[in-house]
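*Asks:* Okay, here's the structure, questions in a sec.
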Amino acid sequence: MKNIFNLYSSIKDQNDYKIDDLPNFNEIDIKNLIISDINLDDLISVKSEYSNIEFNNISLYSAYFVQTSFEECIFQNVDFTKSNLNNTIFKSCSFISCSFASAEIMGAKITNCNFKKCKFTNIIFSENKISNTQFEITDKSFSSIDNNIEENVTWSFD
């Protein structure tokens, strides 16, 4: 709970929110923030918009980001293990050394993104619309990656 309070404080300070405006992370707009070295396991954020956010060394184990959009965000060393990212929009985002082990990403829109040295172990990744995106996946064992609509997408597996 302390970590969530610290994040609330950072968001409030950077985005001119009043404390009463932050009962949870649902249906909020967060922009221009650096979030580092924090455990946000089990975070729930529905119908929210994140823009110009840097996520560094974050644990989002079993997080729930459904119907949420991320634009021009950087995710570095972020653990999305067992997270639900269904119906989420990723636009012009970079993912560097992130783990999506046992995560579920279905019905997402992924545009102009780069995934570098990411783990897709045991992921469900299907029925997504993907364009102008590059994937460099270090581990995709036991994964279901299929039924995606792709345009100008590059996949490489180590």
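The values are calculated or read from the model by the stated rules, or taken from the named source; none is laboratory data. Keep in mind the model is a prediction, meaning the values are calculated, not measured. Quick reminder, even Gly has a Cβ in these numbers, built from the backbone with ideal geometry, and neighbours come from all protein chains shown. All accessible areas refer to the heavy atoms of the entire protein, side chains included, with ligands and DNA or RNA removed. Shrake-Rupley method; radii C 1.70, N 1.55, O 1.52, S 1.80 Å.
*Asks:* Within the stretch 129-138, how many residues are closer than 14 Å to I96 by Cα and not hydrophobic (A, V, I, L, M, F, W, C)?
*Replies:* So the answer is 4.
*Asks:* Further question: Would you call N87 outside any strand (DSSP E or B) and either closer than 24 Å to N52 by Cα or not β-branched (V, I, T) (or both)?
*Replies:* yes
*Asks:* Another question about this same structure. Return the residues of the stretch 37-59 that are of a type in the set (S, T, Y) and not in a strand (DSSP E or B); say none if nothing qualifies.
*Replies:* S45, S48
*Asks:* Could you please find all residues in the stretch 65-84 being in a strand (DSSP E or B) and open to solvent by 20 Å² or more (accessible area, probe 1.4 Å)?
*Replies:* Across the stretch 65-84, the qualifying residues are S69, E71, I74, Q76, D79, N84.
*Asks:* While we're looking at this one, here's another question. Out of all the residues in the stretch 111-132, which are within 19 Å of N77 (Cα to Cα) and crowded, with 20+ Cβ neighbours inside 10 Å?
*Replies:* C113, F115, C118, K119, F120, I123
*Asks:* Can I ask one more? Can you find even one residue in the stretch 133-142 that is surrounded by fewer than 16 Cβ atoms within 10 Å (Cβ to Cβ), hydrophobic (A, V, I, L, M, F, W, C), without any contact (Cβ under 8 Å) to a residue 40 or more places away in the chain and farther than 24 Å from I34 by Cα?
*Replies:* yes
*Asks:* Under 22 Å from E27 (Cβ atoms), open to solvent by less than 60 Å² (accessible area, probe 1.4 Å) and not in a strand (DSSP E or B): which single residue out of S102, S62 fits that description?
*Replies:* It is S62.
*Asks:* Looking at the stretch 24-42 only, could you name the residues that are within 17 Å of T81 (Cβ to Cβ) and either touching a His at 6+ places or on another chain (Cβ under 8 Å) or open to solvent by 10 Å² or more (accessible area, probe 1.4 Å) (or both)?
*Replies:* Listed by number, the residues that qualify are I38, N39, D41, D42.
*Asks:* Could you please tell me which pairs satisfy a Cβ distance under 9 Å, a separation of 6+ or placement on different chains, a first residue in the stretch 34-58 that is more than 16 Å from S99 (Cβ to Cβ) and among the aromatic types (F, W, Y), and a second residue that is modelled with pLDDT under 95 and open to solvent by 80 Å² or more (accessible area, probe 1.4 Å)?
*Replies:* Qualifying pairs under 9 Å: Y50/K31.
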